Each structure stands twice: as structure tokens, then as C-alpha cells.
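What follows is calculated from the coordinates using simple rules that are stated; it is not laboratory data. Just so it is clear, the model here is predicted, and its values are computed rather than measured. We place every Cβ from the backbone using ideal geometry, glycine too, and count neighbours over all the protein chains shown.
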Amino acid sequence: MNNYKSIDSESFTILPICILRDDMHDGVRREVVKLNDVFQPNGKIMLKSVSDEFYPAYVFTRYHFHEGIEILRINRGQAAIILNNRTVVAKENDIVIVNPFEAHGIFLSDPSADFSRTCIMFQPLYLFPSESNLNNRFFADLRSIRFQNFIPSSHPCSAALCQCIDNMVELCLQGTPGWHFAVYSNLIMFYSHIIRGNLQNESTGSQPYQFDFMTKVTEYIEKNLDQDISTTDVAAYCLYSTEHFCRLFKKCFYKTFKDYLNLYRIQKAKDYIDMGNHTTVAGLAAMFGFNNQNHFSHMFKKYTGVLPSEYINQHKET
């Protein structure tokens, strides 16, 4: 009797990878592959943060960071990529890799610039399983790799890396049976070229972030978003004294915990409205951890420029 079960490829349609390709031409931005139409990742995979920093150049992607890896491939034109307060001018066939919690943004010379990029985003912890056998470190090593940030088109590995990225997009567009497995295999091949080309970031001791610490903090905030979160509470959760926690937090997140928490909550409230959810200002305040409705309205206007009531009404009209 045959006890083997056949594999239905359509059962594997949810992968912790996000793929986006968009073009800017004559001032019009068009999505070729839309993020939500391709994969349906768990909400925790790309836990985004926000920054209130602005630059005079045209903002293609605002300055932000997240706990996943982001691979940017420039298809056409050029852009200034600001990465951890350093600027890299990326041109056609250049690749920029953003490691977890590295702040970054894409800025163009003007709104009419001719530009196209492909963006691959994923969280290695969800792609590569944990291993209990300490003698088998294959996936553990892949989970912990940090990449060099900039790979110019002149690098010997550039063409192969670009091909892996292009293959993933093309597989998504074709949507033939088993394409999900093929996308994953191309990502593994991307890793292979990175490792063989010695493009890992070896300077882990001087990294400007503490991955485990930042992950733990953002997870705590996400789980307790509707609660009163104090600095003492989250410091204790991270097993630090309040003083040490505050110093480490500002070093990693570039702002105080209080400022970051307010900014994070306001961004979550804004996203909630953007998704078409209609509620009251009082309901929003309670949902996102503000005990005082007036304080919530004040902070919302500080970070968005409008009162929450105005923002809600604007979305009701659309």
C-alpha cells in the first residue's frame, strides 16, 4: 500500500517573502508587481517603524526601517539611497541590500525622474528553520548573515544577482504551478552568489544596531499596543535596568523610547484608517494605547499634520 501523499503546489501559496516592482515615468508611478497581490506574509514579518526626518529631494520611499532584509535592484535611472545617514547613489543594475533595522529611504532628483526598482523583502527567521542539532549549522548561518550594503553593477557577482531577482519577479508574473518553490530556490541561489562572492558584512562587532534587542522591543510594543506601556516595563522585559535600556534604545532607534512609542502608535492608527476601517477618535485612542483622547489628537496632528477627526472624514469621502 502506498502511504505517500502527493504535494499540491497550490497549498504553498503563502511565503514569508514580499516582492514589489514599480516604475516612475513622466511623473506617474505604476506598480508592475503589487506587494499584496503576490504574497500574503504574516504581519510580523515586516514590522515597520517610521521616522519624522525629511529631505529636500523627491521622496520615492520615506526614511524608515524594519526587522526584515530588503534587497533593492535598480532597473532604470538612478536614486539617492540614504542608508543609516549615509548616501549612496545607485544606478541601473546596482544592488542595495538593507540589513535588519538599518534605516533607509529612496530619494529622486525630481518627481518626473525616470526610475524603476525591484524590491525583495523577507525575514530570514521565517524562511530558514531553527536547528536543535548544534553540529548542523546550515540554516542557522543563513539566518544570521548580514550583507554588504552596496553591490555596484561592475562587481563580478552583479549580473548573477540581478538575474536571480529578475527570475523571482518573472515567476510571480507567470504564476505557473510550483512558482512559489522556484521563487524560494532563486532566493537560495542569491544567497549562494553572495557567499561565494564574499559579500557578507564581517564587521558585526561595530554594527549600529542590536538585532535581538530591537526585535524584542518591537515585539513587546506590538503585543501590548493597546496597553499603558512604561519604560520600566519594557526595560524589565528586556532584562535591563531602566537607565541602561534608555541609553541602548536611543543608540539603536535614534530617539527616546517615549517619542518612538508615540510615533509608532500614531503610524499604526493612521494605517488602520488607511485600510478603510471607520471608527471614532475615542475608539482609535483606546485601540492604540492612548488614555487621553486630547493627547492622542495632539500627537496625531504633530506627526501627520491633521487632526484624527479630519483624517477619518477625508477617508470617508474617498
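How big is the dipole moment of segment 211-317 about its Cα centre under a simple scheme where the beta carbon of each Lys and Arg is +1, that of each Asp and Glu is -1, and everything else is neutral? Debye, nearest 20, please.
So the magnitude is around 320 debye.
So for the pair Lys316, Asp166, with labels modelled 7 Å out along Cα→Cβ, what separation do we get in nm?
Taking the two extended label points, one gets 5.1 nm.
Count the net charge of all other residues whose Cβ sits under 11 Å from the Cβ of Met287, scoring Lys and Arg as +1 and Asp and Glu as -1.
Working: positive: Arg265, Lys268; negative: Asp226.
Combined, the nearby Lys, Arg, Asp and Glu give +1.
Tally Lys/Arg at +1 and Asp/Glu at -1 over every other residue whose Cβ is under 11 Å from the Cβ of Pro124; what's the total?
So the environment of Pro124 carries a net charge of 0.
May I ask which residue of Leu225, Met299, Ala286 lies farthest towards the positive end of the charge dipole of segment 211-317, with charges of +1 (Lys, Arg) and -1 (Asp, Glu) on Cβ and the Cα centre as origin?
In segment 211-317, that residue is Met299.
Rank-order 173-186, 101-114 by packing density, defined as the average count of other C-beta atoms within 10 Å over each peptide's residues, highest first.
101-114, 173-186
Which value results when the Cα radius of gyration for segment 211-317 is divided by 2.2 N^0.38 Å?
Ratio of Cα Rg to 2.2 N^0.38 Å: 1.14.
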